[in-house]
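Q: Here it is, the structure, as structure tokens.
No value in this document is a laboratory result; all are computed from the given coordinates. Predicted, not measured: the structure shown is a model, and the values here were computed from it. Reconstructed Cβ throughout: ideal geometry from the backbone, glycine too, with neighbour counts over all protein chains shown.
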Amino acid sequence: AQKITQTQPGMFVQEKEAVTLDCTYDTSDPSYGLFWYKQPSSGEMIFLIYQGSYDQQNATEGRYSLNFQKARKSANLVISASQLGDSAMYFCAMRDPMNSGYSTLTFGKGTMLLVSP
Amino acid sequence: DVKVTQSSRYLVKRTGEKVFLECVQDMDHENMFWYRQDPGLGLRLIYFSYDVKMKEKGDIPEGYSVSREKKERFSLILESASTNQTSMYLCASRHTPRGARNEQFFGPGTRLTVL
């Protein structure tokens with residue numbers, strides 16, 4: 001069964017606007033972590049933001065915030081004030097269980113974001 | 001600055017050749033990972049290693065093997081390359097998770113073409 005679902009293959013946004021990239025997940029483990037990575041055309045995966053399942057507050061990192069709705073099992077990435085350099089592929093990923101060297105990341109299929117001037 | 005390096009950015013090999021992809025990290029990380037990335041499929045885990053000389057199969061290990069003789073180096077081996085192994089290969093590393101985010105750090109990737 002698919003554990004991470006990103007339903008938007010591609011998104012367009014104008015510069016300076018906010019954009020939300022969707023991510024839903026499935027796990028029966030109460031302890032897990034959610035990650036978002038950015039992959040520009042150069043290919044390298046860049047870590048953006050992390051949310052632990054027990055964290056009370058939604059994570060924020062600069063222009064990135066994570067809209068974490070535990071009951072709905074969703075962890076959407078919000079990018080405020082989009083910039084041209086935000087054009088990239090974005091991946092949502094989940095780690096469960098949380099605290100083990102055996103735990104791995106399961107990735108979604110990704111969303112391609114294009115920011116236009 | 002943390003660093004994961006991969007031996008080649010681009011590689012072209014012939015069907016049947018033995019191929020070695022090397023990954024080195026300088027962060028003293030215990031865990032290392034090999035993924036392949038294909039359009040529309042996201043990243044899929046091939047093998048991972050939670051410590052030196054340890055290895056575990058991921059989701060798609062068929063046709064691959066790995067070696068981890070030293071903590072900083074994790075090698076992916078294609079014993080007999082086939083055209084369906086043409087892909088982008090990404091290496092990653094992290095500390096063993098202990099209650100913190102312990103994100104994976106990725107290398108730049110190797111784009112392998114098998115002719």
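Q: Among the trypsin sites (Lys or Arg not before Pro) within region B:2-32, which fall in a DSSP loop and have no more than 14 other Cβ atoms within 10 Å of their own Cβ?
A: Working: sites: B:Lys3, B:Arg9, B:Lys13, B:Arg14, B:Lys18; in loops: B:Lys3, B:Arg9, B:Arg14, B:Lys18.
Sparse-neighbourhood loop trypsin sites (Lys or Arg not before Pro): B:Lys3, B:Arg9, B:Arg14, B:Lys18.
Q: Taking the beta-carbon count within 10 Å as an exposure proxy, list A:Leu114, B:Leu21, A:Leu77 from fewest neighbours to most. Intermediate values should be presented prior to the final figure.
A: Working: A:Leu114 13, B:Leu21 21, A:Leu77 25.
Neighbour counts put them in this order, fewest first: A:Leu114, B:Leu21, A:Leu77.
Q: Ratio of the protein assembly as shown's C-alpha Rg to 2.2 N^0.38 Å, to two decimals?
A: Ratio of Rg to 2.2 N^0.38 Å for the protein assembly as shown: 1.01.
Q: Hey, got the average number of other protein chain Cβ atoms within 10 angstrom for residues in A:43-55?
A: Other-chain Cβ atoms within 10 Å of each residue's Cβ, averaged: 4.
Q: Out of all DSSP beta bridges in the protein assembly as shown, what portion is antiparallel? Express it as a percent rounded to 5.
A: Details: 68 of 77 bridges.
Around 90 percent of the beta bridges assigned by DSSP in the protein assembly as shown are antiparallel ones.
Q: For chain B, modelled as a GNM with alpha-carbon contacts under 10 angstrom, which of B:Arg36, B:Arg73, B:Arg101 fluctuates the most?
A: B:Arg101
Q: Calculate how many DSSP beta bridges within chain A are antiparallel, expressed in % of all such bridges and rounded to the nearest 5.
A: Percentage antiparallel, nearest 5: 85.
Q: If you place +1 on the Cβ of every Lys and Arg, -1 on the Cβ of every Asp and Glu, and leave all else neutral, what size is the dipole of region A:1-93 about its Cα centre, to the nearest 20 Debye?
A: The dipole of region A:1-93 has a size of about 160 debye.
Q: Next question, about the same structure. Under a Cβ-only charge scheme (Lys and Arg +1, Asp and Glu -1), can you give me the dipole magnitude of region B:7-115 about the Cα centre, in debye to the nearest 20?
A: Charge dipole, region B:7-115, about its Cα centre: 100 debye, nearest 20.
Q: As a quick test, which of the pairs A:Lys3/B:Lys71; A:Lys16/B:Lys3; A:Lys73/B:Lys3; B:Lys3/B:Lys53; B:Lys18/B:Lys70 have an alpha carbon distance above 24 angstrom in this structure? It would help to have the intermediate numbers written out before the result.
A: On the way: A:Lys3/B:Lys71 30 Å; A:Lys16/B:Lys3 32 Å; A:Lys73/B:Lys3 33 Å; B:Lys3/B:Lys53 21 Å; B:Lys18/B:Lys70 21 Å.
In this structure, A:Lys3/B:Lys71; A:Lys16/B:Lys3; A:Lys73/B:Lys3 lie more than 24 Å apart at Cα.
Q: Would you please name the chymotrypsin sites (Phe, Trp or Tyr not before Pro) within region A:1-81 that are DSSP coil residues with at most 14 other C-beta atoms within 10 Å of their C-beta?
A: Numbers: sites: A:Phe12, A:Tyr25, A:Tyr32, A:Phe35, A:Trp36, A:Tyr37, A:Phe47, A:Tyr50, A:Tyr54, A:Tyr64, A:Phe68; in loops: A:Tyr32, A:Tyr54.
Passing sites in region A:1-81 are A:Tyr54.
Q: Alpha carbon centre of region A:66-117 versus region A:1-39: separation in Å?
A: Centre-to-centre (Cα) distance: 4 Å.
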